[in-house]
Amino acid sequence: MLFGKTILVTGVASGIGARTAELAGQMGADIIGVDVREPSSGISSFIKGDISTAEGVADIVRQLPNRVDALANVAGLSGSTGVAATLAVNFYGLRTLSEAVAPRLREGGAIVNVASIAGYGWRANLERTKKLTAIEGFPDVAGLVAEHGLKNEEGYPLSKELLLLWTMRAAHQALFKDRGIRVNAVSPGPVETRILKQFRAVLGDARVDSDITRVGRAGTSADIAPAILFLCSDGARWINGANLPTDGGLEASINADVLGF
Ligand SMILES: NC(=O)c1ccc[n+]([C@@H]2O[C@H](COP(=O)([O-])OP(=O)(O)OC[C@H]3O[C@@H](n4cnc5c(N)ncnc54)[C@H](O)[C@@H]3O)[C@@H](O)[C@H]2O)c1
């Protein structure tokens, strides 16, 4: 389903992005990788770029071919570098890149956003989530953080809450919808990548260990990549605006606790 397709993958230097690119290559796709760091393994087409600013995104987009089939937004920060940097990369940069790539996505193409179980609270925090996703363009993120009194430890979950809400909105945004571009999310639970150590520092060992205990083990990048690529493929052609928890059952277990069933 991916043979001959061109897939743009951000965060390709490590973890989930690296495995997604490798698997897509094995399935016959051409990969264009983007990362702020150089990947250690060979990616046939690599753009060194930083999605944390509007200029960084514009610079990446300038180097893209006119047509791609799918965009996998995998690049992300753990929150350990502060709330402004985390919101800039995990949400505003990701969204700016998606909007700028949209005209190059073929009709019927796809965008897949890697969100997280950490974004579970989007409903509970709906008013804030709505307000912060309604801001158009690439805002002055430091100013936004000051204006809303956002704390560093809120950065990661908040960025993923915004991403989950925007995924549903984007599925019905003319820029994507008018050309049949589907926008979906994949939400991993804890995954053994270098970011997991940072999560332990940001969220605390107790939270991470409790999530792992609920489902028996942490995920691996190889558990997440096939879900991303399925949503990139035409096999997912009737799936739009959806979030696919890819977490060994973690979200089901949390739902049972929160909703009391
Ligand atoms: N590992 C987990 O436990 C876990 C759980 C849920 C969601 N996620 C999400 O999965 C995604 C991938 O994370 P991972 O676990 O593979 O971590 P990772 O740290 O191995 O990979 C993240 C990649 O993003 C790149 N990146 C960071 N800032 C960037 C920027 N400004 N511009 C371009 N590239 C940038 C990094 O260089 C890195 O290669 C992230 O969005 C993360 O939030 C991870």
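The values are calculated or read from the model by the stated rules, or taken from the named source; none is laboratory data. Keep in mind that this is a model prediction, so the values were computed, not measured. When we count neighbours, we look across all protein chains shown, and the Cβ atoms used for this are built from the backbone with ideal geometry, even at glycine. Please note that ligands, DNA and RNA were not included when accessible areas were found on the heavy atoms of the full protein model with its side chains. Shrake-Rupley method; radii C 1.70, N 1.55, O 1.52, S 1.80 Å.
Scanning region 193-220 for residues that are in a helix (DSSP H, G or I) and without any contact (Cβ under 8 Å) to a residue 24 or more places away in the chain yields LEU196, LYS197, ARG200, ASP205, ALA206, ARG207, VAL208, ASP209, SER210, ILE212, THR213.
Here's the yes/no breakdown for (1) more than 9 Å from the ligand (Cβ to nearest atom); (2) more than 26 Å from ARG169 (Cα to Cα); (3) surrounded by fewer than 20 Cβ atoms within 10 Å (Cβ to Cβ); (4) not β-branched (Val, Ile, Thr):
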site	(1), (2), (3), (4)
GLY4	yes, yes, yes, yes
ILE16	no, no, no, no
LEU23	yes, yes, yes, yes
ALA29	yes, yes, no, yes
GLY42	yes, yes, yes, yes
ALA54	yes, no, yes, yes
SER78	no, no, no, yes
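If you check VAL74, VAL61, VAL89, VAL68 for being at pLDDT 95 or above, farther than 18 Å from LEU158 by Cα, open to solvent by 10 Å² or more (accessible area, probe 1.4 Å) and of a type in the set (A, V, I, L, M), only one passes: VAL61.
To keep it simple, each residue is scored yes or no on (1) within 16 Å of the ligand (Cβ to nearest atom); (2) over 21 Å from GLY17 (Cα atoms); (3) among the aromatic types (Phe, Trp, Tyr).
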| site | (1), (2), (3) |
| --- | --- |
| LEU150 | no, yes, no |
| GLU161 | yes, no, no |
| THR167 | yes, no, no |
| ALA174 | no, yes, no |
| VAL183 | yes, no, no |
| GLY189 | yes, no, no |
| ALA201 | yes, yes, no |
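Scan region 221-234 for residues that are surrounded by fewer than 24 Cβ atoms within 10 Å (Cβ to Cβ) and either part of a strand (DSSP E or B) or within 12 Å of the ligand (Cβ to nearest atom) (or both) and the total you get is 4.
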